[in-house]
1. How many of the residues making up the stretch 358-400 are open to solvent by 30 Å² or more (accessible area, probe 1.4 Å), of a type in the set (A, V, I, L, M) and in a strand (DSSP E or B)?
2. When you check Q94 against the structure, is it within 12 Å of ligand 1 (Cβ to nearest atom), open to solvent by 10 Å² or more (accessible area, probe 1.4 Å) and in contact with a His (Cβ under 8 Å, 6 or more places away or on another chain), yes or no?
3. Hey, any hits in the stretch 202-212 for a residue that's assigned by TED's automatic domain parsing to the domain that holds I46, open to solvent by less than 40 Å² (accessible area, probe 1.4 Å), modelled with pLDDT of 95 or more and away from ligand 1 (no atom under 13 Å from the Cβ)?
4. Which of the residues that make up the stretch 112-142 are assigned to a loop (DSSP other than H, G, I, E, B), away from ligand 2 (no atom under 16 Å from the Cβ) and within 23 Å of R249 (Cα to Cα)?
5. Restricted to the stretch 11-43, and to residues that are open to solvent by less than 10 Å² (accessible area, probe 1.4 Å) and of a type in the set (G, A, S), which residue is nearest to the chain's Cα centre (by Cα)?
6. Yes or no: T410 in contact with a strand residue (DSSP E or B) (Cβ under 7 Å, 6 or more places away or on another chain), open to solvent by less than 60 Å² (accessible area, probe 1.4 Å) and either outside the structural domain of N369 (by TED's automatic domain parsing) or closer than 17 Å to G365 by Cα (or both)?
7. Select from the stretch 44-68 the residues that are more than 14 Å from ligand 1 (Cβ to nearest atom) and in a loop (DSSP other than H, G, I, E, B) and write down the one among them that is most open to solvent (accessible area, probe 1.4 Å).
8. Can you tell me which residues in the stretch 102-111 are more than 9 Å from ligand 1 (Cβ to nearest atom), part of a loop (DSSP other than H, G, I, E, B) and either hydrophobic (A, V, I, L, M, F, W, C) or surrounded by 12 or more Cβ atoms within 10 Å (Cβ to Cβ) (or both)?
Amino acid sequence: MADSNSKPTSALSVVILAAGEGKRMKSALPKVLQPLAGRPLLAHVIDTARSLQPAAIHVVYGHGAGRVRETLEKEQVEWTLQARQLGTGHAVLQAIPKVPDEHRVLVLYGDVPLLGRATLEHLVTAGGRDDVALLTMAPADPAGYGRIVRDSKGSVARIVEQKDASAQERTIRECNTGVMAAPSRLLKQWLAGLRAANSQGEYYLTDVVEMAVKAGISVVPVACEDPIEALGVNDKVQLAALEAVCRQRAARELMLAGVTIADPARVDVRGSVQHGKDVFIDVNVVLEGSVKLGDRVHIGPGCVIRDAQIGDDTQVLPHCVIEGAVIGPGCNIGPFARFRPTSHLGAGVHIGNFVEVKNSTMAEGSKANHLSYVGDAQVGARVNIGAGTIIANYDGANKHRTVIEDDAHTGSNSVLVAPITIGAGATVAAGSTVANQVPAGKLTIARARQTTIEGWIRPTKQKK
Ligand code: UD1
Ligand code: CA
């Protein structure tokens, strides 16, 4: 047996239910695509399923079919369409013919995204290979969940949905998380026998529990140790609650790895963060996609950083938006700087307030400290881009490149009309609009000459 794939039970197939509309979200976006920590709910569930190394992952989809498939087209899963959403049991029934009889089936819900691998591994291996294992929980507020009904001996007898439950059954605290593991062969039989004789007129997956008990198969309840893991998302209130959990988890992980976080409740990580030592992150920072922070990087308050890399000792001052940039070591960025994809800064570059940098490179020690646009430019080393310098890169149809060679200075309020090269050590005078090549090592002025009119008299108002 191959070591990496060996499992203590029979081969596992996962079925993820993701066909429901999620009416309570009141959204045009299908529920399983609602973002949690920057990714669709369903993507989280698929990840968790994959961590179990199953033989196959089947996703049952239906509502918003095109959008769901398109959004998650890169996922290595088997898709099964449930054209009409007739209930969770009906949903599993659509995928189960594709699962070999001898497999064990783990059912997951696309709207229960925080379950951990350890919990699921425990569930899958609980009981023998022919039993049904049921993940249960006892939430503070059981409203809306199916309740676990036990018999006089304390064994699980059946599950009753809240909508079908008697007043007494509703007082039961033990609830169904929706997650269960069962032998494929038996599950096929039970699903084929489901009826929709309930208040919602749906084929409930939960009814297989009673069928198992009647068939003499034991149903093993496995309590979910951390009730947070089993939280489902039915509305935006629950979505925000889960987002808070993700936020806390991510911040905790960063702090335990040595990052100083001013307030863990005010940092959002929607992706992955790699970092060095002694990184500091101030309040209201959002990190998205893949972010890499070097040693001693300091991120000021209110910054949004997406798919970017920031070198050792770089200071990012408040309220910067950095997307798709590679920023070198020892740089000073912001406040109020904006990077659009894709930019590359060398060491010790300064980008100050209200400066926008797009699709440009800037070599070591160059500065653009105030109110500038640097777009489609290749900027050399030790260049000083004066306040208000604008690179006019766009002629209405095409984008053109600008090259600014080492040690050049551009004066305040100058416009560099691309395509253009500013030679090494050149100086462009303040207020110049340069559209032709600027020679190296010289001062180029391109503005009207200042003259003073002698004897000029300012008009005065006529007295009436
Ligand atoms: C379900 C369980 C309930 C449990 C709760 C836990 C049933 C009958 N009830 O209730 O016992 O306490 O989850 O969160 O199973 N889906 C489909 N096709 C359908 C219907 C649903 O794919 O025809 C999917 C949904 O997209 C969702 C999941 O199944 O991801 C659960 O459906 P939902 O309607 O949210 O069930 P609950 O009422 O929450
Ligand atoms: Ca639900």
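1. Within the stretch 358-400, residues that are open to solvent by 30 Å² or more (accessible area, probe 1.4 Å), of a type in the set (A, V, I, L, M) and in a strand (DSSP E or B) number 2.
2. No, not satisfied.
3. Going through the stretch 202-212, the residues assigned by TED's automatic domain parsing to the domain that holds I46 turn out to be 202-212.
Okay, now just the ones that are also open to solvent by less than 40 Å² (accessible area, probe 1.4 Å), so 204-206, 208-209, 212.
Retained after the next criterion (residues that are modelled with pLDDT of 95 or more): 204-206, 208-209, 212.
Now restrict to residues that are away from ligand 1 (no atom under 13 Å from the Cβ): 212.
Yes: one or more hits.
4. Within the stretch 112-142, G116, A138, A140 qualify.
5. A43
6. Answer is yes for this residue.
7. Among those that are more than 14 Å from ligand 1 (Cβ to nearest atom) and in a loop (DSSP other than H, G, I, E, B), it is Q53.
8. Scanning the stretch 102-111 gives a single hit, H103.
The values are calculated or read from the model by the stated rules, or taken from the named source; none is laboratory data. Quick caveat, the model's predicted, so the values are computed rather than measured. No Cβ is skipped: glycine too gets one built from the backbone with ideal geometry, and neighbour counts run over all protein chains shown. When the accessible area is computed, the model is the full protein with side chains, heavy atoms only, and any ligands, DNA or RNA have been set aside. Shrake-Rupley method; radii C 1.70, N 1.55, O 1.52, S 1.80 Å.
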